[in-house]
1. Summing -39500 (n - 2.57) over the DSSP H runs of n ≥ 4 in the chain and dividing by its residue number, what mean residue ellipticity at 222 nm do you reach, to the nearest 500 deg cm²/dmol?
2. Shape verdict for segment 284-356, please, from the Cα gyration tensor: rounded (a/c under 1.5), prolate (a/b greater than b/c) or oblate.
3. Tell me, for the chain, which Cys residues have no other cysteine's C-beta sitting closer than 4.7 Å.
4. With a probe of 1.4 Å, find how much accessible area the chain has per residue, and write the answer as a whole number in Å².
5. Per-residue HN-Hα couplings for segment 251-258, Karplus 6.51 cos²θ - 1.76 cosθ + 1.60 at θ = phi - 60°, whole Hz, x for Gly and Pro?
6. Roughly how many debye, to the nearest 20, is the charge dipole of segment 296-356 about its Cα centre, given +1 on each Lys and Arg Cβ, -1 on each Asp and Glu Cβ, and no other charges?
7. Mind ordering 84-91, 283-290, 179-186 by average Cβ neighbours within 10 Å, highest first?
8. Please list 260-271, 149-160, 343-354, 122-133 highest first by mean number of surrounding beta-carbon atoms within 10 Å per residue.
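The values are calculated or read from the model by the stated rules, or taken from the named source; none is laboratory data. Everything numeric in this text was worked out from a predicted model, so none of it was measured. Every residue, glycine as well, gets a Cβ built from its backbone with ideal geometry; the counts of neighbours run over all protein chains shown. Protein only, heavy atoms only, side chains kept; ligands, DNA and RNA dropped before computing areas. Shrake-Rupley method; radii C 1.70, N 1.55, O 1.52, S 1.80 Å.
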Amino acid sequence: MSVFSAPAFDQHELVSFCSDRDSGLRAIIAVHDTTLGPGVGGCRMFPYASDEDALHDVLRLSRGMTYKSALAGLPLGGGKSVIIGDPRQDKTPALFRAMGDFVQSQSGRYVAAEDSGTSAADMRLIAERTAWVSGIDDNEYGGDPSPNTALGLYLGMRCAVRHRLGVDSLEGLQVAIQGLGHVGYCLAAYLRNNGAQVYAADVNAANVQRAVDDLGVIALDVADILSQKVDILAPCAMGAVLNEQSIPKLRAGIVCGAANNQLATAENGAQLQDLGILYCPDFLVNAGGIIDVHHQRLGSAESVKQEHIGRIETTLAEVLRRADESRRSTHAIAEELAREYLQAGQSQLQALAASN
Ligand code: NAD
């Protein structure tokens with residue numbers, strides 16, 4: 001398995017592997033860039049088919065976190081961790097305590113948070129061994145940042161429909177959600193409360209039933225959700241769903257969802273643009289969670305957190321404006337803007353260091 005020449009390596013600062021004999025933990029921590037601060041990012045648990053798949057995932061996700069934090073104006077870098085295992089059957093307290101030791105051994109360069117396959121309860125076990133973990137507060141949401149990720153998506157959708165359809169609200173619009181987990185369910189609630197019609201699909205039938213019963217969501221087959229003719233498609237399950245096979249079948253005018261790395265390749269961003277589909281870059285519109293995690297650590301007032309999440313709407317408006325002007329993909333423009341923010345942050349830090 002190659003690390004330095006892996007396609008997603010992209011000059012990562014640190015890639016660390018852990019194999020703990022007693023607990024059975026096999027995990028990777030990746031820190032892409034700490035220019036603006038420590039690499040904060042979720043700890044994902046997934047039954048990867050191979051070590052290569054796990055490495056590829058953690059590198060892509062970690063790099064995405066660098067861009068996400070920079071665009072969100074956070075003093076944080078990009079990092080991520082993956083635990084190789086099935087969250088439905090391989091979780092034990094010892095496993096997460098060992099993960100806590102692994103996080104602690106990075107001396108604060110990586111800060112863990114909840115992600116796909118892990119919960120606030122898992123983060124509390126990690127917190128028994130390290131302070132470098134977020135999302136463990138016993139507040140209204142139990143430290144789960146997903147409701148604020150959903151809020152950011154909702155604001156992103158509002159910006160996108162204003163840009164594309166010239167309307168100020170989602171009332172009466174149709175949205176298809178792939179995945180009714182932590183984020184998808186909360187997003188469906190925001191949309192229903194604001195008058196949108198919501199179609200949704202999930203491989204977990206219980207998640208679908210809950211959304212149908214509680215929110216009046218219309219259930220669709222998993223195989224049909226991506227090609228549903230709607231105003232907005234929201235991929236909220238897994239990455240790489242926008243690819244050579246799926247893109248020609250899309251019938252939504254706007255794509256705005258939570259899943260990280262929705263584009264299988266950067267070229268798929270240009271493909272969406274050629275088809276006239278407005279793609280809201282995932283690492284921009286799904287930043288509500290990391291903004292929440294940041295303010296949880298600071299102990300900020302709720303109003304400060306909400307104002308910060310609200311900036312997702314203005315940043316997206318800027319990306320859409322530049323994309324229209326330059327006729328380039330929104331994905332490319334968002335990456336470019338993130339690099340500008342990273343550079344500006346680095347210059348500020350250098351100026352500060354020079355003045356001391
Ligand atoms: P989750 O695990 O709670 O929910 C994912 C849902 O997708 C589950 O209900 C699962 O059954 C469903 N699913 C899986 N495969 C599917 C398929 N093929 N078709 C339909 N449904 C399928 O995860 P989450 O926390 O809701 O996050 C969703 C996505 O958003 C993930 O990719 C995550 O990395 C990303 N994300 C989450 C947050 C957050 O705050 N939780 C923040 C940023 C990005």
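1. My calculation for the chain gives -14500 deg cm²/dmol from helical runs alone.
2. oblate
3. Isolated Cys, the chain: CYS18, CYS43, CYS159, CYS186, CYS236.
4. Per residue, the chain has 43 Å² of solvent-accessible surface.
5. 10, 9, x, 9, 10, 8, x, 8
6. That gives segment 296-356 a dipole magnitude of about 120 debye.
7. 283-290, 179-186, 84-91
8. Listed from highest to lowest mean packing, they are 149-160, 122-133, 260-271, 343-354.
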